[in-house]
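Inspection log for the structure reproduced underneath, given as structure tokens.
The values are calculated or read from the model by the stated rules, or taken from the named source; none is laboratory data. Note that this is a predicted model, so its numbers are computed, not measured. Cβ: placed from backbone, ideal geometry, glycine included. Neighbour counts: every protein chain shown. Side chains included, ligands, DNA and RNA excluded: accessible areas come from the protein's heavy atoms. Shrake-Rupley method; radii C 1.70, N 1.55, O 1.52, S 1.80 Å.
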Amino acid sequence: MNRDWLLRTHGLLIGTLLAYAVGFRLLPWVLRNWGVPVDLGVAVYPWNFSPLPALFLFTAACFRDLRWVFLLPLGACVAGDLGIWALSGRMDYALYPGLALVYAGHAITISLGIWLRKQRGVAPLVGAGLLAECVFFLVTNFGVWWFSGSMNEVPLYAPTATGLLECYIAALPYFKNSLISMAVFGGLLFGPLLLASRMREREFAAE
């Protein structure tokens, strides 16, 4: 697929999703500053319903230029972190101990996107999206468990296998939203390309 064509047809969509991703990360902090509760169990808020994982897959799969693969989604992540710092006034809310594992999870998603470059069809795409979300869930929540003692006066989870299991169970509602968002935004990004590829195959077969 020609990169220039991708830029023309997906540029506005990618820009919109990046803006949404940054705004989505900052909105809870804006609401908290206004006194609006958004914590899970207190109010309904679509935590983890972000387009970033799908954007990581898409840019890595479709753009050869590393500036598009890394700078666009990672730039949105950094902008979100800096925005949280500005809104909360606390650097530790943005640059917390487990942040490196979050970016490691993103790097794994990028790697799966690069793997998609040589794949065809819906099945590899669905598999890559599902695997990316599962790995990100396991890696980042391991970080929540591992660093829970250093981030809180009283550890949220015991430093045991039981504590780790409790951490994963507590994160399941967020994981559900992550899977839904991957399906929605992955469909928006990859859907037109899959449709165009299918139409070309039919035209080639008809010749």
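The table below lists the values:
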{"read-out": "Accessible-area order (highest first, 1.4 angstrom probe) of the listed residues Arg117, Arg67, Arg32", "value": "Arg67, Arg32, Arg117"}
{"read-out": "Sites Ser88 and Asn177, calculated FRET efficiency, Cβ-Cβ separation with R0 22 Å, nearest 0.05", "value": "0.50"}
{"read-out": "Karplus-derived HN-Hα couplings along segment 12-22 (A = 6.51, B = -1.76, C = 1.60, θ = phi - 60°), whole Hz, x at Gly and Pro", "value": "5, 5, 4, x, 5, 5, 5, 5, 4, 4, 5"}
{"read-out": "Residue-level accessible surface for Ser88, protein heavy atoms, 1.4 Å, Å²", "value": "30 Å²"}
{"read-out": "Highest-first arrangement of 123-129, 58-64, where packing means the average Cβ count within 10 Å", "value": "58-64, 123-129"}
{"read-out": "Most to least accessible of Lys176, Lys118 (protein chains only, probe 1.4 Å)", "value": "Lys118, Lys176"}
